[in-house]
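The values are calculated or read from the model by the stated rules, or taken from the named source; none is laboratory data. Everything numeric here is computed off the predicted structure, so don't read it as measured data. Heads up, the Cβs are rebuilt from the backbone with ideal geometry, glycines too, and the neighbour counts pull from every protein chain shown.
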Amino acid sequence: MKTQIIVLHRYAYGDSSWIVKALSPDVGILSLLVKGAKSKKSQFKAGIDPLAHSEIEIRYNRHKNPSLIIPKEAALQNYFPKMRSNLQSLASAQLMAEILLKLGKEKSHATEEFKWLLNNLKFLELNAVKENSLSIWLHELCNILGYAPALSKCGRCGQELLQPADLWPALGGAVCETCLGTRKSGYDPIFLQELGNFANGKNHEKQISWPRIENYFLGHLKTHTGALENLRSWEWLTETRRLP
Ligand SMILES: [Zn+2]
């Protein structure tokens with residue numbers, strides 16, 4: 001069968017081969033053994049570079065599901081050269097790839113995950129990374145996986161909210177002023193207001209709390225998946241943002 005892939009990660013195997021981890025909309029995460037790929041004569045070339053979008057031909061049997069697949073060829077579809085030349089865009093794309101890789105083999109969301117990652121790579125190719133792009137990506141990923149936090153409604157009484165009065169993990173998201181009562185909110189009011197704006201689709205890019213909104217969604221994903229500790233690309237992205 002032919003399938004599209006986006007390469008998430010790869011590492012050397014022996015002197016001349018790569019093990020390539022890639023996301024396919026049809027199969028989920030694939031482990032590919034690409035023999036002789038480091039040779040100049042290899043027909044795979046850039047098609048198996050990290051973050052490349054390619055079409056590969058594989059022999060795949062959904063009932064057997066081998067752990068390592070040997071692809072026949074890889075035809076490069078998109079290399080995203082502009083995205084690669086912008087350090088922050090590249091770091092942002094690497095973080096997305098690392099998160100999807102860590103979320104693992106589960107196939108059921110692969111089609112949506114693939115589509116959403118490809119959209120973002122195309123966006124980063126055409127535009128520089130925007131302050132809000134990672135928050136949007138993380139929020140959508142929560143949606144795809146089926147555990148987006150409820151932010152525009154109180155998780156206790158169901159009242160519509162312009163902004164949460166507090167965030168209660170046990171409720172799966174926001175709580176209203178009335179339900180909060182005399183308790184103190186654990187969050188900065190500016191953050192809650194901006195998170196409320198974000199949840200209600202009022203996406204002001206000049207918001208100051210984007211890093212905190214990213215952190216909130218990332219924390220939410222961590223809690224629900226238990227699989228996102230030690231994200232190396234997160235530190236790398238933070239470093240690129242500090243560059244002048
Ligand atoms: Zn309430």
Is it the case that HIS139 is closer than 20 Å to SER92 by Cα, touching a Gly at 6+ places or on another chain (Cβ under 9 Å) and of a type outside the set (Asp, Glu)? no
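What residue, among those in the range 115-169 that are under 17 Å from ILE213 (Cα atoms) and out of contact with any helix residue (DSSP H, G or I) (no Cβ under 8 Å at 6 or more places or on another chain), is modelled with the lowest pLDDT?
So the first thing to find is which residues in the range 115-169 are under 17 Å from ILE213 (Cα atoms), and the list is 129-143, 147-152, 162-169.
Of the ones still in play, those that are also out of contact with any helix residue (DSSP H, G or I) (no Cβ under 8 Å at 6 or more places or on another chain) are 130, 136, 143, 168.
Working: LYS130: 82, ILE136: 91, ASN143: 92, TRP168: 91.
For the range 115-169, the residue satisfying everything is LYS130.
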Quick check on the range 196-213. Is at least one of its residues modelled with pLDDT of 90 or more, touching a His at 6+ places or on another chain (Cβ under 6 Å), crowded, with 17+ Cβ neighbours inside 10 Å and closer than 24 Å to ALA93 by Cα? no
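Quick check on this structure: which one of LYS41, LYS35, LYS82, LYS115 is out of contact with any strand residue (DSSP E or B) (no Cβ under 7 Å at 6 or more places or on another chain) and either closer than 30 Å to PRO244 by Cβ or surrounded by 15 or more Cβ atoms within 10 Å (Cβ to Cβ) (or both)?
Working: LYS41 fails: either closer than 30 Å to PRO244 by Cβ or surrounded by 15 or more Cβ atoms within 10 Å (Cβ to Cβ) (or both); LYS35 fails: out of contact with any strand residue (DSSP E or B) (no Cβ under 7 Å at 6 or more places or on another chain); LYS115 fails: either closer than 30 Å to PRO244 by Cβ or surrounded by 15 or more Cβ atoms within 10 Å (Cβ to Cβ) (or both).
LYS82 is the lone residue from the list that is out of contact with any strand residue (DSSP E or B) (no Cβ under 7 Å at 6 or more places or on another chain) and either closer than 30 Å to PRO244 by Cβ or surrounded by 15 or more Cβ atoms within 10 Å (Cβ to Cβ) (or both).
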What number of residues within the range 214-240 are without any contact (Cβ under 8 Å) to a residue 40 or more places away in the chain, more than 12 Å from ALA91 (Cα to Cα) and part of a helix (DSSP H, G or I)? 3
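Quickly run through the range 167-197 and pick out the residues that are within 10 Å of the ligand (Cβ to nearest atom) and of a type outside the set (S, T, N, Q). Lay out the reasoning, then the answer.
In the first step, residues of the range 167-197 are kept if they are within 10 Å of the ligand (Cβ to nearest atom); the result is 171, 174-181.
Hits for the range 167-197 are LEU171, ALA174, VAL175, CYS176, GLU177, CYS179, LEU180, GLY181.
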Among the residues of the range 122-149, write down those that are in contact with a His (Cβ under 9 Å, 6 or more places away or on another chain) and of a type in the set (S, T, N, Q). ASN132
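Does the range 134-160 hold any residues that are more than 16 Å from the ligand (Cβ to nearest atom) and not in a loop (DSSP other than H, G, I, E, B), and which are they? Spell out how you get there, then give the answer.
To start, the set of residues in the range 134-160 that are more than 16 Å from the ligand (Cβ to nearest atom) comprises 134-148.
Within the range 134-160, LEU134, SER135, ILE136, TRP137, LEU138, HIS139, GLU140, LEU141, CYS142, ASN143, ILE144, LEU145 qualify.
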Considering residues that are in contact (Cβ under 8 Å) with a residue 40 or more places away in the chain and at negative phi, the number found within the range 38-57 is 9
